[in-house]
1. Report the residue count in region B:110-127 for those that are touching a residue at least 40 places away in the same chain (Cβ under 8 Å), part of a helix (DSSP H, G or I) and not polar (S, T, N, Q).
2. Go through A:153, A:146 for me and flag whichever is of a type in the set (A, V, I, L, M), open to solvent by less than 60 Å² (accessible area, probe 1.4 Å) and part of a helix (DSSP H, G or I).
3. Among the helices (runs of 4 or more DSSP H) lying completely within region A:1-103, list those that include at least 2 residues that are over 23 Å from the mean Cα position of the chain (by Cα), basic (Lys, Arg) and within 14 Å of chain B (Cβ to nearest Cβ).
4. Does residue B:209 satisfy the condition of being touching a Lys or Arg at 6+ places or on another chain (Cβ under 9 Å), assigned to a loop (DSSP other than H, G, I, E, B) and at pLDDT 95 or above?
5. Quick check on this structure: which one of A:183, A:214 is part of a loop (DSSP other than H, G, I, E, B) and either open to solvent by 20 Å² or more (accessible area, probe 1.4 Å) or closer than 19 Å to residue A:75 by Cα (or both)?
6. Residue under question is residue B:130, and the condition is that it be touching a Lys or Arg at 6+ places or on another chain (Cβ under 6 Å) and either modelled with pLDDT under 95 or not in a loop (DSSP other than H, G, I, E, B) (or both); does it hold?
7. Output yes when any residue across region A:241-248 is of a type outside the set (Ser, Thr, Tyr), open to solvent by less than 30 Å² (accessible area, probe 1.4 Å), out of contact with any Cys (no Cβ under 7 Å at 6 or more places or on another chain) and closer than 14 Å to residue A:113 by Cα, and no when none is.
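The values are calculated or read from the model by the stated rules, or taken from the named source; none is laboratory data. Just so it is clear, the model here is predicted, and its values are computed rather than measured. Reconstructed Cβ throughout: ideal geometry from the backbone, glycine too, with neighbour counts over all protein chains shown. Side chains are part of the model used for accessible areas, which takes the heavy atoms of the whole protein and leaves out ligands, DNA and RNA. Shrake-Rupley method; radii C 1.70, N 1.55, O 1.52, S 1.80 Å.
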There are 2 protein chains.
Amino acid sequence: VKTYLDCYPCFLRQALDAARYSGADDDQQRAVLLLALDALRSLDPASTPPEIGDVIHGIVRRETGATDPYARAKKEATEQALALYHRLKAIVNEAPDPLETAVRLAIAGNIIDLAPSSAYDLWATVERVLDQPFAVDDGPAFREALAAADGILYLADNAGETVFDRVLIETLGHPVTYAVKGGPVLNDATMEDAIAAGLELAAEVVSTGSEAPGTVLRLCSAEFRGRYEKAQMIIAKGQANYETLSGEGDRLFFLLQTKCAVLAQDVGAPQGSIILKQGSGSNGGGR
Amino acid sequence: VKTYLDCYPCFLRQALDAARYSGADDDQQRAVLLLALDALRSLDPASTPPEIGDVIHGIVRRETGATDPYARAKKEATEQALALYHRLKAIVNEAPDPLETAVRLAIAGNIIDLAPSSAYDLWATVERVLDQPFAVDDGPAFREALAAADGILYLADNAGETVFDRVLIETLGHPVTYAVKGGPVLNDATMEDAIAAGLELAAEVVSTGSEAPGTVLRLCSAEFRGRYEKAQMIIAKGQANYETLSGEGDRLFFLLQTKCAVLAQDVGAPQGSIILKQGSGSNGGGR
C-alpha cells in the first residue's frame, strides 16, 4: 500500500495527537506540527504509510523528549483488555467453532488503535465483530496453512490488542513466536507491553528490532529477518502490517479491521469491515 | 478566533477536497497538496481560519484552473433547499413564535457547509434544530436590537443556506441588505448563488467585494465597508463570519452551528450546538 494524498492530513493530525499524548506544551506542539509539515513536503511519494509514520513519530519523540508518548494509553488499554480475558476465553470455549471465534476476537482487538482516531468502544466492537460477516474471508486457506505448519510467526500490532492475540494463540494449538516492536511508536506493543499482557505465557515473545509501524523488513534486525524467512506461516495483525507486507506471499495471513478510507479502498472492502486475507505475491523466504 | 494547531490538518484535507470538487486529476491534487503544505508552513500564527482558507482555496483555483470548484455542489444545494422552501414557510407560519422558528431554520441551514465535512443530512438537521435548546441564546438582545433597527445588514454564508436565510428575512419585517461573497470560495454564496435562491425577492443583494471566507473587512470593497459601518444591526451567518467578526461589537448577532471542535471550544459550547450570540467588543462604526 502506497501513501495516498489522503494520508497527508491524517499524518499531520497524528503528529498533533502524539505530541499531546506525550504531554507537550503549545510551543512543542507547534514545533512538532511544523517539522511534520516539512517531512510531508519532502516525502517520497512511493513511501508506505508506516514508513511515514516512522518519520512522524520519530519527530514527536525527539521534539517532546518523550521516549514513549503513548506509554500511559498503552498501559490503560492493556489493563482494560486483561480485565476481559476470562470473558474472552469463555466466549471461545463455548463457541461452536472456537478457532473462528478466536480469529474474530483477535480482529475485534484490532480496534485498539490510536492512529486513525482516539475514540473506540471496545466491548461494542467485540459484540459487533463476533456477528459481522467477513468482507474478505480466506478462512479455508488459513485452516489449511495452520494444519500444515509446525509453528507460527505472529506479528503483533497494538498494546491491549495483545490480550486478544493471546486468546487466539492459546486456541491455535501450535508453537507461536510473537513479534513486537523494537521500540515505542504510536500505541504499538513493545516487549514490555506484551509481557504486561501475559503473552510470554502463551508464546515466545521476540522483537522485530524496528520501531517503524508495521513490519518494514529492511529496518528489522538480522535475527528477526532470519525468523521471518524461515517461518512457514505468518499471522500479521492490523493495517500497518498489511500496508507493509500484503504483497510478500501466501504464507502471510492478515487479520484486521479497515479503519480508514485509504486502506478500505486498497483492500476493496467498505470502511469498518473485518478482514482475514491471505497475502499475495511470491514468498520472500520460508517454505 | 485565531488559527489553532488543529486547523492545519483540517485545511490540508480541505485543499484536497476542493481539488477533487474541481475535478482535478491526481497530479493536480498532489500539486495542490504540496502548495498547501508550503502555505501552512509559512503561516502567520495570528491568522484567522478564514484568512488561511482564503489562501488555501486560492491555491486550488489557481492550480486546477477551476474558477469555482464548488459550482455544481452549490447549484445542487440551492435546488435541494428551494424544494423545501414552501415547507419551511409553512413551519414558520404555523409556529407559536414565528421569529424564533425562523431563526432556528436559518441556523439549521448552516449545516450546508462543505468545509468541515462533505456529508450532512439536511432535513434531519432541520428537525433537530427546531427542538434543540440553544447553547448560547442572546435572543432577548436580538429582539431588542431588531425592534430598534430601521434596517439590517445580513452577512450570508453558504449556497443553499441562502434559502433558509430568505425565510428568516421574510419573517424579520425589516428592509434587509444581504451581503454575499465577491467571488467563489468553498461553497460560499456569491451573487449568482443568491439570485438562484430567490434572495433578490426578499432583500437587496450586495457583494462584500471579497472572496475570503467569513468577512475580512480589510479585504472588502470600500462600498461594502461603508454599508457595514452604517449598519444598525448585523446578522452574520456561520462559523467563518463568527471567526472574523466576533469581537467587532454588540450590533452583530451570529447565527451558527458549531461544526468543528476548534470553534466549539472558542464559543464555549459542545460541538453540534446551535448558537444565537451577540458580538462583543466595541462597534467599529454604525449606530
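1. 3
2. Working: A:153 fails: part of a helix (DSSP H, G or I).
After ruling out the rest, the residue left standing is A:146.
3. On the way: elements: A:7-21, A:26-41, A:49-64, A:71-82, A:85-93.
Ranges flagged: A:26-41.
4. On the way: touching a Lys or Arg at 6+ places or on another chain (Cβ under 9 Å): yes; assigned to a loop (DSSP other than H, G, I, E, B): yes; at pLDDT 95 or above: yes.
So residue B:209 fits the description; yes.
5. Numbers: A:214 fails: either open to solvent by 20 Å² or more (accessible area, probe 1.4 Å) or closer than 19 Å to residue A:75 by Cα (or both).
Exactly one residue qualifies, and that residue is A:183.
6. Details: touching a Lys or Arg at 6+ places or on another chain (Cβ under 6 Å): yes; either modelled with pLDDT under 95 or not in a loop (DSSP other than H, G, I, E, B) (or both): yes.
Considered against the rule, which asks whether it is touching a Lys or Arg at 6+ places or on another chain (Cβ under 6 Å) and either modelled with pLDDT under 95 or not in a loop (DSSP other than H, G, I, E, B) (or both), residue B:130 comes out as yes.
7. Quick first cut of region A:241-248, residues of a type outside the set (Ser, Thr, Tyr) only: A:241, A:243, A:245, A:247-248.
Now restrict to residues that are open to solvent by less than 30 Å² (accessible area, probe 1.4 Å): A:241, A:243, A:245.
From what's left, out of contact with any Cys (no Cβ under 7 Å at 6 or more places or on another chain): A:241, A:243, A:245.
Checking which are closer than 14 Å to residue A:113 by Cα leaves us with A:241.
Yes, that holds for at least one residue.
Condition check ((1) modelled with pLDDT under 95; (2) farther than 30 Å from residue B:142 by Cβ; (3) open to solvent by less than 20 Å² (accessible area, probe 1.4 Å); (4) among the polar types (S, T, N, Q)) across all residues:
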site: B:36; (1), (2), (3), (4): no, yes, yes, no
site: B:61; (1), (2), (3), (4): yes, yes, no, no
site: B:73; (1), (2), (3), (4): yes, yes, no, no
site: B:102; (1), (2), (3), (4): no, no, yes, no
